[in-house]
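Novice: The structure under discussion is supplied below as structure tokens; questions concerning it will follow.
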Amino acid sequence: MSFGIIPLTVTVLTLCFWLRSKRRAKRAEKRAAEIGADLLPPERQNKDRAFPDPEAEAVLAALSRNDWQPAAQALAAAGTDWERRSYLVGVIAARAAEEDAWLHAWQAARPDDPDAAVVHADAKVSLAWKIRGGAWAKDTSAEQFAGFLRVLREAREDFARAESLARPDDPTPYLLQIPLYMGLSAPHEALLGLWAQVTARAPYHYEAHWYALQYWSAKWCGSHDLARNFAAQAAATAPQGSLLTMFPLVSWYEHNDDEAPEEAYGWPEMRGMTEAALADVAMARPDHPRVAEVRHLLAYCLAKQGRHEVALEQFRLVDGYVGALPWRYYNDPAAIYCVVRGVSLTAVAAGTAK
């Protein structure tokens, strides 16, 4: 008789554990819904921006009406805020690569306007990359490559004119040439010469370092070691608040994310790089146009490390916008963003977050 009780007891205990786990899961699910009530679903995530920027949106709205003056005013207002200036030039030039009647009107009204000149040059680079497309080289046609290279070569003359019109301390027409050098597979010596022009004017410019890291990466003109060394040097020499401590993380992600084991994000080296970037972003000026991009990758890395409380803080600061690394590398960035955010949200709600 006593032997028959044992299986029954095991069954009852198993059922009790199952019921308790189910109740706990329901409580965690309810708690997650409460904590994440203000977080937006995938369909409400903006895939084109990393952060809300009313000025940029107003400029683009005006350009859609062929009104170039708000764009000119925004660039003039940026003044010597080189980070904001290059960011706005990129936004405006990307639109010009799609439709440029307003840019021709701007240039006709102000033939020697340095702002119109640098937008025109950068628009050529944007157009070249649109012609090439985002596929791997093996999946890109000969016609695409020919058009890509032709437009990039044309852009070199446009940048020479932009340089001649720019004020002497403006790094913008120099740093925006780095993708051109990358596309043309310019030799290292040529890139280093251009880099000297950039850093003489803005030694800690975030966007410049972003482009340069892409050039030095293995998928373009460099290698894993060259990219890692470039990122490490940038992080070691830059002042707090410049956000350059982010580049070791960017380099690691670009070269390792697809192949590294899950636990790699928790290794001491990765945790150290993450901590450095967290300290850097805390010191950055709130209106830095790249601070949201840093928070996006930090949220991803922190979630992968199981540091869900801190990850969720970063997710809250960028929620609603997914036009940033790592999400933009996926076919459906909003869906991936919400999945990773959901992991952190569930862990926090269940009380299992670190």
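Novice: Against the definition (of a type in the set (Lys, Arg) and open to solvent by less than 30 Å² (accessible area, probe 1.4 Å)), how does residue 228 come out, yes or no?
Specialist: No: the conditions fail for residue 228.
Novice: Among residues belonging to segment 160-195 that are part of a loop (DSSP other than H, G, I, E, B) and of a type in the set (A, V, I, L, M), point out the one that is least open to solvent (accessible area, probe 1.4 Å).
Specialist: Checking each candidate, the answer is 176.
Novice: Restricting attention to segment 223-239, does a residue exist that is in contact with a helix residue (DSSP H, G or I) (Cβ under 7 Å, 6 or more places away or on another chain) and within 15 Å of residue 182 (Cα to Cα)?
Specialist: yes
Novice: Further question on the same structure: Here's a check for you: in segment 258-275, which residue that is closer than 22 Å to residue 233 by Cβ and within 18 Å of the chain's Cα centre (by Cα) is least open to solvent (accessible area, probe 1.4 Å)?
Specialist: 274
Novice: Further, regarding this structure: Any residue in segment 149-161 that is touching a residue at least 12 places away in the same chain (Cβ under 8 Å) sitting within a Cβ distance under 8 Å of a residue that is of a type in the set (D, E, K, R) and open to solvent by 30 Å² or more (accessible area, probe 1.4 Å)? List the pairs, counting only those 6 or more apart or interchain.
Specialist: From segment 149-161, the pairs are 151/124; 152/124; 154/124; 155/124; 158/124.
Novice: Mind listing whichever residues of segment 39-81 are open to solvent by 40 Å² or more (accessible area, probe 1.4 Å), part of a helix (DSSP H, G or I) and not hydrophobic (A, V, I, L, M, F, W, C)?
Specialist: 42, 43, 44, 54, 55, 57, 64, 69, 73
Novice: From the list 329, 253, pick out the single residue that is within 24 Å of residue 47 (Cα to Cα), of a type in the set (Ser, Thr, Tyr) and either more than 19 Å from the chain's Cα centre (by Cα) or surrounded by 18 or more Cβ atoms within 10 Å (Cβ to Cβ) (or both).
Specialist: 253
Novice: Kindly evaluate residue 307 against the criterion of being open to solvent by 50 Å² or more (accessible area, probe 1.4 Å), more than 21 Å from residue 204 (Cβ to Cβ) and basic (Lys, Arg).
Specialist: Criteria not met by residue 307.
The values are calculated or read from the model by the stated rules, or taken from the named source; none is laboratory data. Worth saying up front: this structure is predicted, and the values here are computed from it rather than measured. Quick reminder, even Gly has a Cβ in these numbers, built from the backbone with ideal geometry, and neighbours come from all protein chains shown. The area values use the complete protein model at the heavy-atom level, side chains included, leaving out ligands, DNA and RNA. Shrake-Rupley method; radii C 1.70, N 1.55, O 1.52, S 1.80 Å.
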